[in-house]
Amino acid sequence: MASGTFTPVRKWLLLPTWVTIGFFLLLPILLVVVYSFLTKEFRGGVDWTFSLDAYDQFMFDRGLFGDEAPSIEWTYITIFFRSIVQALIATLFCLIIGFPTAYFIATRPASSRSIWVFLITVPYWVNLLIRTVSMKFLIRDNGPMNQGLMALGLIDTPIHLINTNIAVQLGLFYSYLPFMVLPIYASVERYNFALSEAAADLYASRWTILREVLIPSVKPGIIAGCILVFVPSLGAFLAPDLLGGAKTFMIGSLIEEQFKGTAGNWPFGAACAVILLTLVLMALTLYARAQSKERAQEQRAG
Amino acid sequence: MPDAAVSIRGVKKNFGSFVAIRELSFEIRDNEFFTLLGPSGCGKTTLLRLIAGFESTTDGEIFLYGEEIEKLPPDKRPINTVFQSYALFPHMTVAENIGFGLRMLGWNATDINNRVEQMITTVKLDEFSHRKPAQLSGGQQQRVALARAMAPQPRVLLLDEPLSALDLKLRQQMRAELKALQKETGITFIFVTHDQEEALTMSDRIAVMSAGELQQLGTATQIYEEPANRFVANFIGETNLIDATIHSVNGQQVVCELPGGFLLDARIDNSTAVNTGAQGAVSIRPERLSIVAPDTSQQPTNHQGDHSLLNATLIDTTYLGTDTIYSLKLTEDHNLSVRVQNNNALGSKAIGDTVTVCVEAAQFLAQ
Ligand SMILES: Nc1ncnc2c1ncn2[C@@H]1O[C@H](COP(=O)(O)OP(=O)(O)O)[C@@H](O)[C@H]1O
Ligand SMILES: [Mg+2]
């Protein structure tokens, strides 16, 4: 532990950070939680009366007039489940492409690495909405991708991608790939390549070196990348809205709808957000627990 | 004659336009403790990496027990390495590190356990088998690296400055242990160091390298007593290098003329042929010089008898406890350093005194 001498100084220096976190992160979350327990106003907004209606609507189906015996409401659970699967697939997709990319960049000569990193981030200088719209333009039935493929004679009829899961996946992948590449790149760059040589010296094949030496060594970067892709993919609404259709409806769009225009239901949107947040936090906590248990075991072994 | 363990034949290695190994040819015998000795940057690690297969040669061949190994990747060569930085797998325990090579070779779990336990005992790490490398001291990590490389019983073990990160005491202890381990296992050791003392104390044979070239290959005694050239004479131990001209030749014995007109008996090594008048230098070890009582009957520049006496002026003394170093001036441009054991027989000498020194052994170096 650091000595106590500088502690008072440090506290003051951190004040702006705490104010920012409190004002822009904790306060909004608190507001969302509070809103989820209020009664909805008909034209958007809330009525300040405590109510569990939002959560009830999420979980239970009480018939059209709310007078039937409650049964489980599957609509929203299905949307949540679909979103989680979509986000997992997007994460996996980003990992499969992102890991070799990061490895490639980290193994370039030091002088050219920053150029590669720069190239990876270039598309992100353009607004996400515009990028997603241009993706839609690229992959639509009579867009440049299909026209190109048909001109080359590779296909006869356009590949229909718009409004499919694949389009949404493409959108998510394109939106969040750098979040996977950058943390993995950072850990591969710190990786001691003598370890790979040592493994080869001890009769390990290339595949074994990757699996047993490189990946365990850069695991923190891989996990950071997965979290950074999974979390925003789960709540994404631009890609599902623009590239997907009714069948690919995701949590992000569900929440967005509740707050848009006058048709929305703020407490219900807030409740969805709270449920989403809870799920994510639970997953991260479980992971952190497992990590610290692993570390504790290492320490005990020592 | 059995095949050499490793045979280096005309090996060259360039990195781009940079020449790391100019051209090397020599053989390392089976069961030998062979040392590559040379200053930092002379290409020792590069040669080890070529033998291990991490780099490929620019030209020339490397044979392992009579077999050309150019095409074999590192994981197919029956050679293991103790890396300079140890390169222990940080996420594996000591036991897992040591067992890694065995697992890769497809040994079954029982055999691996037995062998790992045996190795752990050999390197005295019994209490540490479940620790991660980060929880070990430098010396302990070094032992793990050694055990890991020796566990698969390689035919040749490469050690890249394995002791350089340890403190002096531990280093001296590890020298003896390494040497004993080599004798015990009979594995051919190729040991890299820039520390001449380490090389002299441990090796069966030493290859002295400089700037990607072999300077001399021989036993510790040979390279110390009969250095092949100025570089070796200077690099191994302390020496006096004095310009000299050949006065007469008699087989391996020569008489050479030193500045100031002194004549001195010296040897030359059998690979160099010299003629009268050849220019070079003599190397005289400070401990092979002694200060003697001035003998009036013997002229220092006596041509007829024993050419071993020189006259010089004392300019400085350094007391070292067991020994004293006397700095002498032979001529304006040439100094001599004499190392004498302190046994009080010498009497006191004052700065500025003229003293007579007796040369017990000198080596003429043509280059
Ligand atoms: N991969 C490489 N690329 C370029 N130069 C290298 C490379 N590896 C080694 N060298 C150069 O080759 C020379 C010999 O290096 P090395 O074999 O590591 O020396 P030593 O181990 O004797 O200290 C050094 O000048 C070093 O800079
Ligand atoms: Mg080296």
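So here's what we get for this one:
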| quantity | calculated |
| --- | --- |
| Any hit, the stretch B:112-124, residues being more than 28 Å from B:V192 (Cβ to Cβ), crowded, with 19+ Cβ neighbours inside 10 Å and either without any contact (Cβ under 8 Å) to a residue 40 or more places away in the chain or touching a Ser or Thr at 6+ places or on another chain (Cβ under 7 Å) (or both) | yes |
| Top-ranked residue of the stretch B:175-206 - restricted to ones that are of a type in the set (S, T, Y) and assigned to a strand (DSSP E or B), ranked as nearest to B:G41 (Cα to Cα) | B:T193 |
| Residues that are aliphatic (A, V, I, L, M), in a strand (DSSP E or B) and within 7 Å of chain A (Cβ to nearest Cβ), drawn from the stretch B:66-89 | none |
| Residue count for the stretch B:1-33, restricted to those that are within 16 Å of ligand 2 (Cβ to nearest atom) and surrounded by 15 or more Cβ atoms within 10 Å (Cβ to Cβ) | 4 |
| Residue in the stretch B:164-172 that is among the acidic types (D, E) and either modelled with pLDDT of 90 or more or surrounded by 20 or more Cβ atoms within 10 Å (Cβ to Cβ) (or both) present | no |
| Those residues of the stretch B:37-54 which are near ligand 1 (Cβ under 7 Å from one of its atoms) and β-branched (V, I, T), in sequence order | B:T45, B:T46 |
| Residue in the stretch B:23-36 that is among the polar types (S, T, N, Q), within 16 Å of ligand 1 (Cβ to nearest atom), within 23 Å of B:Q142 (Cβ to Cβ) and in a strand (DSSP E or B) present | yes |
| Residues of the stretch B:41-67 that turn out to be without any contact (Cβ under 8 Å) to a residue 24 or more places away in the chain and either within 13 Å of ligand 2 (Cβ to nearest atom) or surrounded by 20 or more Cβ atoms within 10 Å (Cβ to Cβ) (or both), as a count | 3 |
| Some residue of the stretch B:76-88 being more than 30 Å from B:I223 (Cβ to Cβ) and within 16 Å of ligand 2 (Cβ to nearest atom) | yes |
| Residue in the stretch B:132-151 that is buried (at least 16 other Cβ atoms within 10 Å of the Cβ) and over 16 Å from B:Y86 (Cα atoms) present | no |
| Qualifying positions in the stretch B:245-260 - assigned to a loop (DSSP other than H, G, I, E, B) and out of contact with any strand residue (DSSP E or B) (no Cβ under 9 Å at 6 or more places or on another chain) | B:G251 |
| Filter result for the condition that a residue is β-branched (V, I, T) and at pLDDT 85 or above, over B:I291, B:I351, B:I325 | B:I325 |
| Identity of the residue in the stretch B:148-164, among the small types (G, A, S) and within 12 Å of chain A (Cβ to nearest Cβ), that ends up farthest from ligand 2 (Cβ to nearest atom) | B:A151 |
| Leading residue by the ranking (nearest to B:C42 (Cα to Cα)) among those in the stretch B:128-147 that are within 11 Å of chain A (Cβ to nearest Cβ) and in a helix (DSSP H, G or I) | B:A145 |
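The values are calculated or read from the model by the stated rules, or taken from the named source; none is laboratory data. A quick note: this is a predicted structure, and the numbers were derived from the prediction, not measured. Because the Cβ atoms are built from the backbone with ideal geometry, glycine has one as well, and the counts that use them run over all protein chains shown.
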